[in-house]
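The values are calculated or read from the model by the stated rules, or taken from the named source; none is laboratory data. The structure presented is a predicted model; accordingly, all values stated were derived computationally and were not measured. Positions of Cβ are backbone-derived with ideal geometry, glycine not excepted, and every protein chain shown enters the neighbour counts. These area figures cover heavy atoms from the full protein model, side chains too; ligands, DNA and RNA do not enter into them. Shrake-Rupley method; radii C 1.70, N 1.55, O 1.52, S 1.80 Å.
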Amino acid sequence: MTQKSSVRQMIGFITDVTRWSLSGGIGYQLFLCLLVVFMMLGVFAYLVQWKLGLAVTHMSDIVSWGFYIANFTFLVGVAAAAVMLILPSYIFKDKDFHHVVIIGEVVAIGALVMSMTFVFVDLGRPLQGWHIIPIIGLFNWPSSLLTWDILVLNVYLVLNLSIPAYILYCHYNQVEPDPRKYRPFVFISIFWAFGIHLITAFLYEGLPARPFWNNPLMGPRFLASAFAAGPALITVLLVIIHNTTVFKIPKQTFNKLRLIIVISAIINLIMLFSEVFKEFYFPTHHSLSAEYLYFGLDGHNSLVPWIWTAISINIIGTLLLAFNPGKNKPMLLLPACILLFVGIWIEKGIGLIVPGLVPSPLGEVVSYAPSWVEISIALGILALGMFVVTMLLKPALIIEHRFKAEKPS
Amino acid sequence: MGFLKNKSGRQQITDEHRPCQDSGRREFLKKAVKAAAIGGTAVVTGCQAPGLLGSKEEFALQFQEYFKAHYRLMTEKERDTTITRLERLAKLQKNVDVQISSKEAMPGVLFGYGFNVTRCEGYMECVSACVRENNLDRKSNMQYIRIFEMEPGQMTPDAGQGKFFNEVPVDGRFYMGAQCNHCDNAPCIKACPTKATYREPDGIVVVDYDWCIGCRYCMAACPYYGRRFNWNEPVVPVKEITKKQHYLGNRQRRRGQMEKCTFCVQRTREGRLPACAEACPTGARIFGNLLDPKSEIRFVLENKKVFRWKEELGTDPKFWYFID
């Protein structure tokens, strides 16, 4: 292959990918427009926040992290969960997962983009962001866990962009990708997936000032809940793809995903039970945050309905998936996955961040609910994530489908 | 009390001499910066109309401010240029003449603070003195110091009542203050991703306001509620601005920056007491050099029953509570 033709091939790849990701039926175009509308809403809300400062959020010196950081934490988990597809498909050569691994990787990219955007919008002075770039700024590594998190998230994003890009490029050219070129990176990305979520947990776990977070179970629980919520989201996505595209997902894949979700969800519930036991069997001063979360404190009980909803739908979702009365029929599988996903979103998001900060170190209790700016920006970022996933997934599935169809097997 | 009360003799002479030397160098730099600013304006703004972002000069100064380094990494000259810029900006924006100091920590000094739980009667003079001295945001009613009304049997501020509107002192109650503890092993310093918050050689924990990116991780890490965030653009009435300022202390802060008690670095490095200690009508606040065996704070530590808040966290605060 000459230099010139490879350049031409690359140009062809890029133009085709762009064409495929933008073209589609009227429904697809409407969907994209809807996402753009929500992104615009987010941009507008961010401009308001830019103009007036973070005072437009409902955060305060007591609840100094709110909805943004809550979503960031949850989405890092979703990103990490791609490993549950990567591990079996690349390492154990599982055929059912190999078929859909690209979808897991794209979800990871979307989740990473969203989580990093959530951190960005939470910054008080985003223009000074260059202060954190190593060499030109000051990077407080290894002391600050936040620098660790920035490092691992960015590397994970690069890994998850480059591995699928290489494989897709090969498939686009009807060439079998060379495992020697990508397998080492797959191994790294597997360790990295555990790393990103563990380090995000350490961000909170390492703060003795906040007894609710300063808890060694935090890391393992983050992983368990992520490995339930992430694959639940991927299941929902697979059902949509199965029903709206020519890319068909074998039944076996759903069953295996369901098993992963059930095992992770059960481990998550056991650890939740252990945490609740510790807080309420012999309540100490350090249990006030948990009391605030589950029962309310000094009349501030805004989180109480949320957490009980979260725990109920968590348990219902887990039971539905475990006993599987619908035999993997989307009619039951889909709601069960959505319930579990939403339950973990509440519990690992707002149910984790806010009680960590309340009561304040001075014993003060306040309520927190996101402002319209926070909700609009969050919706915008959600739309951005869905947009990224759509833009990447559509051409990826076309390439995969063509490769499989033309492969002489 | 060592150097703090030593207002006569050599120290005073050197103090008086410094401003003259400073102003000579300052004056030269002022001109240099102005020249650079005008040059920079030509490059940066091109044909931009004045008024969009303030005057051309203001825009040029802010543009140069954007690229400055972390305070600790600046050379002497860079520090002087940024201070000249900041003083000029204060003049342009608010028409006030501020003097920003970059006085370094004195050798052989480690600041410590003592709070007399028996003496404090909850008048809150310390709070208002602090607000005025440190140019704290009046819009959000920011306060570095919190005073708690305590019932007998309570011994940490978090157990007390932080919102009390009764006349003080109330019989049978006592009062405790809470502010930055200037930990020697500070969780906020460990947490900061950009090293914007750090410990000065004299033990005070400061924030390089202009280096802070506003992530608020330090706030989550602080067990003493010692840090404050500028959720909105801070507002200080021009008439009430304290004009004697320090780069690491009470100079103007901006929206999105973290700030905190600095033991009034602009005062204490000049040998004065922090505003809170000076304002206290009951003498409940003791401040001094921990390394000076003759200082009042050392007397308190050696002769009173002292304790530190949340000692179990190993943060090693330099803020002691004590009982007479």
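Annotations for the structure displayed:
- Among the residues of region B:122-136, none qualifies, meaning not one is more than 12 Å from chain A (Cβ to nearest Cβ), in contact with an Asp or Glu (Cβ under 6 Å, 6 or more places away or on another chain) and of a type in the set (F, W, Y).
- Considering region A:258-286, the residues that are of a type in the set (S, T, Y) and without any contact (Cβ under 8 Å) to a residue 12 or more places away in the chain include one that is nearest to A:S360 (Cα to Cα), namely A:T284.
- Of the residues making up region A:145-164, those that are open to solvent by 60 Å² or more (accessible area, probe 1.4 Å) and within 14 Å of another protein chain (Cβ to nearest Cβ) number 3.
- Of the residues making up region B:169-217, those that are farther than 18 Å from A:L145 by Cβ, open to solvent by 30 Å² or more (accessible area, probe 1.4 Å) and among the hydrophobic types (A, V, I, L, M, F, W, C) are B:V170, B:F174.
- Just one of the listed residues (A:P184, A:P142) is open to solvent by 30 Å² or more (accessible area, probe 1.4 Å), out of contact with any Gly (no Cβ under 7 Å at 6 or more places or on another chain) and assigned to a loop (DSSP other than H, G, I, E, B), namely A:P142.
- Complete set of residues in region B:232-272 that are of a type in the set (A, V, I, L, M, F, W, C) and within 24 Å of B:Y198 (Cβ to Cβ): B:L248, B:M258, B:C261, B:F263, B:C264, B:V265
- Test result for A:I266, within 19 Å of A:V342 (Cβ to Cβ), modelled with pLDDT of 95 or more and open to solvent by 40 Å² or more (accessible area, probe 1.4 Å): yes
- Check on A:I69, within 14 Å of chain B (Cβ to nearest Cβ), over 30 Å from A:C170 (Cα atoms), in contact with a helix residue (DSSP H, G or I) (Cβ under 6 Å, 6 or more places away or on another chain) and surrounded by 14 or more Cβ atoms within 10 Å (Cβ to Cβ): yes
- All conditions but one from (1) surrounded by fewer than 17 Cβ atoms within 10 Å (Cβ to Cβ); (2) within 16 Å of B:I100 (Cα to Cα) apply to B:Y247; the one that does not is (1).
To keep it simple, each residue is scored yes or no on (1) within 14 Å of another protein chain (Cβ to nearest Cβ); (2) surrounded by fewer than 19 Cβ atoms within 10 Å (Cβ to Cβ); (3) within 18 Å of A:I377 (Cα to Cα); (4) of a type in the set (V, I, T).
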{"residue": "A:G24", "(1), (2), (3), (4)": "no, yes, no, no"}
{"residue": "A:L30", "(1), (2), (3), (4)": "no, yes, no, no"}
{"residue": "A:C33", "(1), (2), (3), (4)": "no, yes, yes, no"}
{"residue": "A:V48", "(1), (2), (3), (4)": "yes, yes, yes, yes"}
{"residue": "A:I62", "(1), (2), (3), (4)": "yes, yes, no, yes"}
{"residue": "A:V83", "(1), (2), (3), (4)": "no, no, no, yes"}
{"residue": "A:I86", "(1), (2), (3), (4)": "no, no, no, yes"}
{"residue": "A:V100", "(1), (2), (3), (4)": "no, no, no, yes"}
{"residue": "A:E105", "(1), (2), (3), (4)": "no, no, no, no"}
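One line per residue, one yes/no per condition, for (1) assigned to a helix (DSSP H, G or I); (2) free of Cβ contacts under 8 Å to residues at least 60 places away in the same chain; (3) within 14 Å of another protein chain (Cβ to nearest Cβ):
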site: A:Y166; (1), (2), (3): yes, yes, no
site: A:H197; (1), (2), (3): yes, no, no
site: A:A209; (1), (2), (3): no, no, yes
site: A:P216; (1), (2), (3): no, yes, no
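- Helices (runs of 4 or more DSSP H) lying entirely in region A:1-101 (those with 2 or more residues that are farther than 30 Å from A:R258 by Cα): A:3-22, A:26-52
- Applying the criterion of being within 13 Å of B:C280 (Cβ to Cβ) and among the hydroxyl-bearing types (S, T, Y) to the residues of region B:123-146, the residue that is least open to solvent (accessible area, probe 1.4 Å) is B:S128.
- Elements of type helices (runs of 4 or more DSSP H) contained in region A:289-396, each with 1 or more residues being open to solvent by 60 Å² or more (accessible area, probe 1.4 Å) and over 30 Å from A:L168 (Cα atoms): A:304-323, A:330-348
- Any hit, region A:228-239, residues being within 14 Å of chain B (Cβ to nearest Cβ), open to solvent by less than 20 Å² (accessible area, probe 1.4 Å) and touching a Leu at 6+ places or on another chain (Cβ under 8 Å): no
- Cβ-Cβ under 6 Å pairs, at least 6 apart or on other chains, region A:110-123 side outside any helix (DSSP H, G or I), far side not β-branched (V, I, T): A:L123/B:G214; A:L123/B:C215
- Residue, nearest to A:F44 (Cα to Cα), within region A:371-409, restricted to residues that are modelled with pLDDT under 95 and touching a His at 6+ places or on another chain (Cβ under 6 Å): A:I399
- Residues in region B:64-80 that are within 11 Å of chain A (Cβ to nearest Cβ), open to solvent by 40 Å² or more (accessible area, probe 1.4 Å) and touching a residue at least 24 places away in the same chain (Cβ under 8 Å): B:R72 only.
- Residues in region A:127-144 that are more than 7 Å from chain B (Cβ to nearest Cβ) and touching a residue at least 12 places away in the same chain (Cβ under 8 Å): none.
- The lone exception for B:R255 - which of (1) open to solvent by less than 20 Å² (accessible area, probe 1.4 Å); (2) facing chain A (nearest Cβ under 7 Å) it fails: (1)
- Of all residues in region A:240-263 being of a type in the set (K, R) and either in contact with a Phe, Trp or Tyr (Cβ under 7 Å, 6 or more places away or on another chain) or in a helix (DSSP H, G or I) (or both), the one that is least open to solvent (accessible area, probe 1.4 Å): A:R258
- Residue selected from region A:116-126 under the condition facing chain B (nearest Cβ under 9 Å) and either at pLDDT below 95 or open to solvent by less than 30 Å² (accessible area, probe 1.4 Å) (or both), by the criterion farthest from B:A221 (Cα to Cα): A:P126
- Test: residue in region B:226-240 that is among the polar types (S, T, N, Q), within 14 Å of another protein chain (Cβ to nearest Cβ) and closer than 21 Å to A:H131 by Cα: yes
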